[in-house]
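Asker: Structure provided below as structure tokens; questions to follow.
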Amino acid sequence: MVFISTRGEEKVTGAQAIVQGIAKDGGLFVPEKFPAVTPSELESMLGMDYPERAAFVLHKYLDEYDHEELLAALKKAYSQFEDGDAAPLVRVENGMYMLELFHGPTCAFKDMALTVLPYLLRKGCDLCGIKENVLILVATSGDTGKAALEGFKDAPGIKIMVFYPDDGVSKMQKLQMCTQEGENVNVVAVRGNFDDCQTGVKKIFGSEECKAKLKEKNYLLSSANSINFGRLAPQIAYYFSAYCDLVTSEQIKMGDKVNFTVPTGNFGNILAAYYAKRMGLPVGTLVCASNKNNVLTDFWAKGTYDSKRPFYKTMSPSMDILVSSNLERLIFELSGRDAALTRERMQQLSATGRYSIRAEELKAYKKEFFAGCTNEAETVDCMYEFFDEYGYPMDTHTGVAMSVAQRYEEMIEKDPSAEKHPMVVVSTASPYKFPQDVLYALTGNDVKDSFKGIKRINLLTAMKVPESLKAIRYKPVRFKQVTSPEKMFDEVMKFV
Ligand SMILES: *Cc1c(COP(=O)(O)O)cnc(C)c1O
């Protein structure tokens, strides 16, 4: 399959798109056209296990990868998930389901893709005939960094370096990253917020001078951030899998539409749902849930993306984002795949912090999406009430999603003309990953220590504590370095 840039003429293979991460013109790679999954193919996926379903979906895009080898890599990746199922669907009540994507090695949904990306990248280098070592640079709001470190640790021919905002990740996230094992890893805190980290990394990717310096050391840059198509592709698979599970458990009939609510930050997860829909999955509305950093909600209300606004630190740090990178791929689609217009808008965004779309694009969006946001108090109330009513504890990000999903359901309930479909809320992290905030939401109690929080939640909910979180308590802290956004590349050179 051929991939094109959202900003211009560049055409590459899937392997190249993954190895390069970002197009030379600064655009993101998108498939030249969406591959179809026909109703009979969807039918055939019902009898498959999760890795088989994922291989089927991925191979539609990455057809130069050998199918058997891809399947073997996916089996290996998802065998690291606890309890054998990588993406279980849990029924809460009639018409309401949770898609749990947090059973991987770092307890957040990023594992769904980042356990697979090392294979896609290494194989991609082989397919492209690349001989250099690869340096992965990651800017993280918390969960990506750890999942990437875990995925790439000790991968041959690859080094990985992660930058995180010094004051912008949870204690548990920081501890997870700073205790990372592996000989090829480095973790550095940046004085600033996530957007400062992301801008710093993007600058390095955009600089010919930086790339030349790295080439002297025999390193080629690549990214594990969610703009890489190798991150997006494995995420498309779980929407298909959730749908299949709804059919096989007789919650829906084949062909019925399903809605999804996705807690959104960089717009990667929900974009994957949109791709699934474009491939033919029967999806109704995609509900885009934001926290107090509601730049997306405002965008879809007004048609103007305005990133010049206060940045709030919330209990759902992986969604504390003002510039949602993957939105570019959706804007490209809504514009009728107008690369020149997309380029202009993205230039406006970097120059002025804002851009607007046309009324008809907004209309096209509203046919497929609903956007909503929620504040901290509403999120806490929702988490508490949900646990009280169903005995189901959820993490803070999922709490944002549930709160917006409930609001959407109430709105639909009142509207006699609206189509009604079952709702799947995407659960993106284990409650144990944000123990202090989750404990506070469920009981009103504050604890100073994350591990005390874990213990209390365990007593309260009887939910199993993930082994990987138990273990870090006794691991030594290996990385303590803090730098300024201007010095990020110096740190990179020290590392290679
Ligand atoms: C990354 C993350 C999100 C946001 O996902 P995007 O793909 O960036 O929109 C939501 N919840 C959790 C727990 C995350 O780690």
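The values are calculated or read from the model by the stated rules, or taken from the named source; none is laboratory data. The structure presented is a predicted model; accordingly, all values stated were derived computationally and were not measured. Counting neighbours? That spans all protein chains shown, and the Cβs are built from the backbone with ideal geometry, glycine included. Accessible surface areas use protein heavy atoms only, side chains included; no ligands, DNA or RNA. Shrake-Rupley method; radii C 1.70, N 1.55, O 1.52, S 1.80 Å.
Asker: Can you name the residue in the stretch 160-177 that is away from the ligand (no atom under 16 Å from the Cβ) and at pLDDT 95 or above and is also nearest to N293 (Cα to Cα) among such residues?
Answerer: M161
Asker: Can you tell which of R329, R343 is at pLDDT 95 or above and open to solvent by 20 Å² or more (accessible area, probe 1.4 Å)? Give the steps one after another, and end with the answer.
Answerer: Numbers: R329 fails: open to solvent by 20 Å² or more (accessible area, probe 1.4 Å).
R343 is the lone residue from the list that is at pLDDT 95 or above and open to solvent by 20 Å² or more (accessible area, probe 1.4 Å).
Asker: For the stretch 192-227, give me the residue count where each residue is modelled with pLDDT of 95 or more and either closer than 25 Å to D167 by Cα or within 16 Å of the ligand (Cβ to nearest atom) (or both).
Answerer: 0
Asker: Mind telling me which of the residues R343, R329 ends up being within 16 Å of the ligand (Cβ to nearest atom) and not small (G, A, S)? Explain how you work it out, then say what you get.
Answerer: Working: R343 fails: within 16 Å of the ligand (Cβ to nearest atom).
Checking each option against the conditions leaves just R329.
Asker: Looking at V262, V287, V258, which one is of a type outside the set (G, A, S) and away from the ligand (no atom under 16 Å from the Cβ)?
Answerer: Working: V262 fails: away from the ligand (no atom under 16 Å from the Cβ); V287 fails: away from the ligand (no atom under 16 Å from the Cβ).
The match here is V258.
Asker: Quick one: in the stretch 346-360, of everything that is buried (at least 20 other Cβ atoms within 10 Å of the Cβ) and among the hydrophobic types (A, V, I, L, M, F, W, C), which residue is nearest to the chain's Cα centre (by Cα)? Write out each step before concluding.
Answerer: In the first step, residues of the stretch 346-360 are kept if they are buried (at least 20 other Cβ atoms within 10 Å of the Cβ); the result is 346, 355, 357.
Remaining after also requiring among the hydrophobic types (A, V, I, L, M, F, W, C): 346, 357.
Working: M346: 21, I357: 24 Å.
Per the criteria, the residue is M346.
Conditions tested, residue by residue: (1) over 29 Å from A86 (Cβ atoms); (2) open to solvent by less than 10 Å² (accessible area, probe 1.4 Å).
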residue	(1), (2)
L362	yes, no
C373	yes, no
M423	no, yes
I454	no, no
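Asker: Hey, can you tell me all the residues within the stretch 81-114 that are modelled with pLDDT of 95 or more, away from the ligand (no atom under 14 Å from the Cβ) and within 30 Å of V134 (Cβ to Cβ)?
Answerer: Selection gives F81, A86, A87.
Asker: Please return the ranges of helices (runs of 4 or more DSSP H) entirely within the stretch 356-441 where 1 or more residues are over 13 Å from C288 (Cα atoms) and within 14 Å of the ligand (Cβ to nearest atom).
Answerer: Working: elements: 359-368, 376-390, 396-414.
In the stretch 356-441, 376-390, 396-414 are the helices (runs of 4 or more DSSP H) which contain 1 or more residues that are over 13 Å from C288 (Cα atoms) and within 14 Å of the ligand (Cβ to nearest atom).
To keep it simple, each residue is scored yes or no on (1) in contact with a strand residue (DSSP E or B) (Cβ under 9 Å, 6 or more places away or on another chain); (2) crowded, with 23+ Cβ neighbours inside 10 Å; (3) charged (D, E, K, R).
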{"residue": "A401", "(1), (2), (3)": "yes, yes, no"}
{"residue": "K420", "(1), (2), (3)": "yes, no, yes"}
{"residue": "F434", "(1), (2), (3)": "no, yes, no"}
{"residue": "L439", "(1), (2), (3)": "no, yes, no"}
{"residue": "G444", "(1), (2), (3)": "no, no, no"}
